[in-house]
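Remarks on the structure that follows.
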Amino acid sequence: MDNIQVLFEDNHLIAINKPAGWLVQGDATGDAPISDWVKGYIKQRYKKPGDVFLGVIHRLDRPVSGVVVFARTSKALTRMNQLFKDREVEKKYWAITGERPNPIEGSLTHFLLKDKTKNKAKALDRISNRSAEAKESTLNYKVIGVIGDHHLVEVHPITGRPHQIRVQLAKMGWAIRGDLKYGFHKANPDGSIFLHCRSLSFIHPVKKEPVTIVADPPDLQNWKMFDVV
């Protein structure tokens, strides 16, 4: 895990650039999550005796890369959770799709229904009696680069539903490259998908100062093609 980059750290928060393929938090697979690496980093860097506190604030899907912020104190965890709940964290993602979004800029609203048995979501245009548990999900998007059949799309999710960007883009016919689960026809060799959390912006939960944390995409040629990278 030498390729993990620490993007931001102070006494209250720590942020890393998560490589695709890593869990943020442990699950039924038993695979080591990236939160364990962060705990080990803190323990070694600051010579912490005993257990290290680390609060998981939000998650990225396993095949997704980019900014993940953790809390180093319970106070920061509580306050950051509230910021996310109140939608006071501005999130910017980059996605590469195989189909060009049309129109090239806009807003999408669907109702997402999660199938926990398949760990997969479905985007619905409206709620029915059989989908009463579906949650409204909104994002804004804009195409910011095109090379051949690679379309770089900047996405700003307003809500924070599981798999939201993946399923909403796929619903429109703009599946993310490599994302077999949501309809792209070909997997990436490393199992990743071309979805990257580019930045998070928020007011620091303790210092009350503006914070913007930016992560470069993985060192892959398909990202480097675009001048914005």
Can you tell me which residues in region 96-114 are in contact (Cβ under 8 Å) with a residue 24 or more places away in the chain, in a strand (DSSP E or B) and of a type outside the set (S, T, N, Q)? ILE96, GLU105, GLY106, LEU108, HIS110, PHE111, LEU112, LYS114
From the residues in region 19-39 that are outside any helix (DSSP H, G or I) and among the small types (Gly, Ala, Ser), which one is surrounded by the most Cβ atoms within 10 Å (Cβ to Cβ)? ALA20
Among the residues of region 78-95, is there at least one that is free of Cβ contacts under 8 Å to residues at least 60 places away in the same chain and either over 16 Å from ILE203 (Cα atoms) or of a type in the set (A, V, I, L, M, F, W, C) (or both)? no
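If you check LYS118 against the conditions, is it basic (Lys, Arg) and part of a strand (DSSP E or B)?
no
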All but one of (1) surrounded by 12 or more Cβ atoms within 10 Å (Cβ to Cβ); (2) of a type in the set (Asp, Glu); (3) within 15 Å of GLN164 (Cα to Cα) hold for ASP115; which doesn't? (1)
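Yes or no, residue by residue, for (1) over 19 Å from the mean Cα position of the chain (by Cα); (2) loosely packed, with under 14 Cβ neighbours inside 10 Å; (3) aliphatic (A, V, I, L, M); (4) more than 19 Å from GLU90 (Cβ to Cβ):
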residue: LYS122; (1), (2), (3), (4): no, no, no, yes
residue: ASN129; (1), (2), (3), (4): yes, yes, no, yes
residue: THR138; (1), (2), (3), (4): no, no, no, no
residue: TRP174; (1), (2), (3), (4): no, no, no, yes
residue: LEU195; (1), (2), (3), (4): no, no, yes, no
residue: THR212; (1), (2), (3), (4): no, yes, no, no
residue: PRO217; (1), (2), (3), (4): no, no, no, no
Can you say whether LYS207 is touching a residue at least 40 places away in the same chain (Cβ under 8 Å) and either loosely packed, with under 14 Cβ neighbours inside 10 Å or more than 20 Å from GLY66 (Cα to Cα) (or both), as far as the supplied structure shows? yes
For region 59-77 the number of residues that are of a type in the set (Lys, Arg), closer than 13 Å to VAL206 by Cβ and free of Cβ contacts under 8 Å to residues at least 60 places away in the same chain is 0
Of the residues that sit in region 176-194 and are among the small types (Gly, Ala, Ser) and touching a helix residue (DSSP H, G or I) at 6+ places or on another chain (Cβ under 9 Å), which one is nearest to GLY98 (Cα to Cα)? GLY183
Does ILE42 count as modelled with pLDDT of 95 or more and assigned to a helix (DSSP H, G or I)? yes
Take residues that are hydrophobic (A, V, I, L, M, F, W, C) and over 30 Å from LEU77 (Cα atoms) and tell me which of the strands (runs of 3 or more DSSP E) falling wholly in region 137-229 contain 1 or more. 150-157
Please verify whether HIS151 is surrounded by 21 or more Cβ atoms within 10 Å (Cβ to Cβ) and on the phi > 0 side of the Ramachandran plot, treating the condition exactly as stated. no
Looking only at region 60-95, and only at residues there that are of a type in the set (Val, Ile, Thr) and assigned to a loop (DSSP other than H, G, I, E, B), the one that is surrounded by the most Cβ atoms within 10 Å (Cβ to Cβ): VAL64
Regarding region 91-102, can at least one residue be identified that is more than 18 Å from SER65 (Cβ to Cβ), of a type in the set (Gly, Ala, Ser) and at pLDDT below 95? yes
Could you say which residue among PRO157, PRO103 is under 30 Å from GLU209 (Cα atoms) and either of a type outside the set (A, V, I, L, M, F, W, C) or out of contact with any Ser or Thr (no Cβ under 7 Å at 6 or more places or on another chain) (or both)? PRO157
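The values are calculated or read from the model by the stated rules, or taken from the named source; none is laboratory data. Predicted, not measured: the structure shown is a model, and the values here were computed from it. Note that each Cβ is placed from the backbone with ideal geometry, even for glycine, and that neighbours are counted across all protein chains shown.
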